[in-house]
Amino acid sequence: MPAGRRWKVIRGMMWAIARRQVAFGCSSAWSLRRILPASVASALQGYVALTTANEASGCRENYSWGSCAAFHSVGRQLHSHRSSVVEEQLDPFSLVENELYILASRLRSMVVAEVPKLASAAEYFFKMGVEGKRFRPTVLLLMATALNVPIPEPASVGVGDAIATELRIRQQRIAEITEMIHVASLLHDDVLDDADTRRGIGSLNFVMGNKLAVLAGDFLLSRACVALASLKNTEVVTLLATVVEHLVTGETMQMTTTSEQRCSMEYYLQKTYCKTASLISNSCKAIALLAGQTAEVSVLAYEYGKNLGLAYQLIDDVLDFTGTTTTLGKGSLSDIRHGIVTAPILYAMEEFPQLREVVDRGFDNPADVELALDYLGRSRGIHRTRELAAKHASLASAAINSLPNNDDEDVQKSRRALVDLTHRVITRTK
């Protein structure tokens with residue numbers, strides 16, 4: 001890496017760390033020890049304290065990078081540690097790849113039905129090649145390890161070997177239940193939205209009809225309920241039953257909005273929590289509860305999932321305007337064409353109040369869609385939505401960084417992977 005670029009990276013790292021102390025009110029020494037080697041953290045504490053003081057008083061411009069001896073001292077130590085930091089960069093999905101393979105096989109066996117037509121419909125999105133990225137199971141398996149639940153070594157190297165501990169199997173069951181609920185919600189959503197593609201192939205309602213798609217979704221929910229009951233944990237059952245309630249509530253909120261509600265960011269975020277974030281947040285909390293974690297840790301797991309889910313949906317709403325049918329695996333501009341108002345349009349309305357009249361007409365006229373897109377293109381709506389997504393991603397990262405200290409290597413890897421996922425969510429293009 002060129003010297004100029006290297007110093008720029010180091011400066012960015014230190015400034016970001018200093019800003020985090022202000023944003024979250026964390027102890028510098030405590031936070032730095034969690035993310036940097038002891039020698040680097042010690043050298044950086046004084047620097048962060050000075051930078052924090054300047055940031056808090058609005059005096060960033062008074063700080064001279066070139067004349068700061070502390071900056072150069074810390075910079076040299078950070079540079080010497082750079083190679084090990086690079087080595088620590090992980091692919092979150094690869095960490096749980098073997099378990100995802102096991103989960104995929106189990107899910108295919110769990111959705112088998114006696115009636116052939118129903119069986120074909122229920123397993124439509126669980127077949128090899130169209131399972132998706134398994135984003136939610138990945139998050140939940142990483143969360144299980146991040147909360148200090150060790151993954152036992154299998155008896156042999158085969159990926160089909162069962163994970164030995166009962167607790168891990170129960171947490172895997174949460175991941176399976178979550179995925180079944182998620183896919184069921186997709187099937188129902190596609191019927192309501194009259195969608196014709198999903199994950200790059202024809203949607204189930206398009207291929208087999210609305211009635212069978214609805215019944216397949218109901219069947220998946222029933223299988224999820226059976227699996228949930230087998231856990232014999234009333235608190236976890238209550239959490240995930242509430243998720244299903246939230247999914248219905250969110251969809252109803254979207255279908256029955258008043259003019260004022262459609263133009264309310266608060267209403268939009270509440271609906272987004274119900275439709276998207278509730279599932280991953282309550283599932284993360286369920287993982288913590290099964291592990292016997294404290295109420296405080298369970299809340300942190302919940303906060304991670306909630307903010308990750310909100311960030312994910314906000315970027316989804318951006319991609320609906322900026323992506324293509326090919327990259328998204330579904331139709332672009334689908335929300336606005338169905339009269340659904342999302343964050344980019346809400347922000348654009350703040351800059352162009354006249355857009356409110358277009359929104360109130362409901363986008364039934366293609367000319368109104370084009371007019372709304374014109375206003376959006378001239379506004380900062382997309383940019384501000386990305387900023388809001390980044391804010392929620394930062395809050396999700398803060399929740400992981402606030403978990404109790406743990407020196408176990410697998411725990412640390414999983415926590416880094418969970419933080420890495422927050423960055424992937426807000427930088428994705430599909």
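Summary of values
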| quantity | calculated |
| --- | --- |
| Sequence of Met349, Met180 once ranked by neighbouring C-beta atoms within 10 Å, starting from the fewest | Met349, Met180 |
| D (Stokes-Einstein, µm²/s), Kirkwood Cα radius, the range 335-375, 0.692 mPa s at 37 °C | 334 |
| Inter-part distance where the range 371-428 and the range 184-246 are each reduced to a Cα centre, Å | 27 |
| Proxy reagent accessibility, fewest Cβ within 10 Å first, across Glu296, Glu350, Glu179, Glu409 | Glu409, Glu296, Glu350, Glu179 |
| Space enclosed by the convex hull of the alpha-carbon atoms of the range 362-430, per residue, Å³ | 110 |
| Kirkwood Rh and Cα Rg combined as Rg/Rh, the range 92-427 | 0.98 |
| Length gained when the stretch Thr429-Arg337 is fully extended (0.36 nm per residue, less Cα-Cα span) | 31.0 nm |
| Sites matching trypsin sites (Lys or Arg not before Pro) across the range 231-310 that sit in DSSP coil, with at most 15 neighbouring C-beta atoms within 10 Å | Lys232 |
| Straight-distance crosslink candidates among aspartates and glutamates, where the alpha carbon sits under 17 Å from Lys232 and sequence neighbours closer than 8 are dropped | Glu166, Glu176 |
| Ascending count of other beta-carbon atoms within 10 Å, so fewest first, for Ile169, Ile174 | Ile169, Ile174 |
| Derived scalar couplings ³J(HN,Hα) [the range 236-243; Karplus, 6.51 cos²θ - 1.76 cosθ + 1.60; whole Hz; x for Gly, Pro] | 5, 4, 4, 4, 7, 5, 5, 4 |
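Here, each number is a calculation from the coordinates, and none is a lab measurement. Here the structure is a predicted model, which means the values were calculated and not measured. Virtual Cβ from ideal backbone geometry, glycine too; neighbours counted across all protein chains shown.
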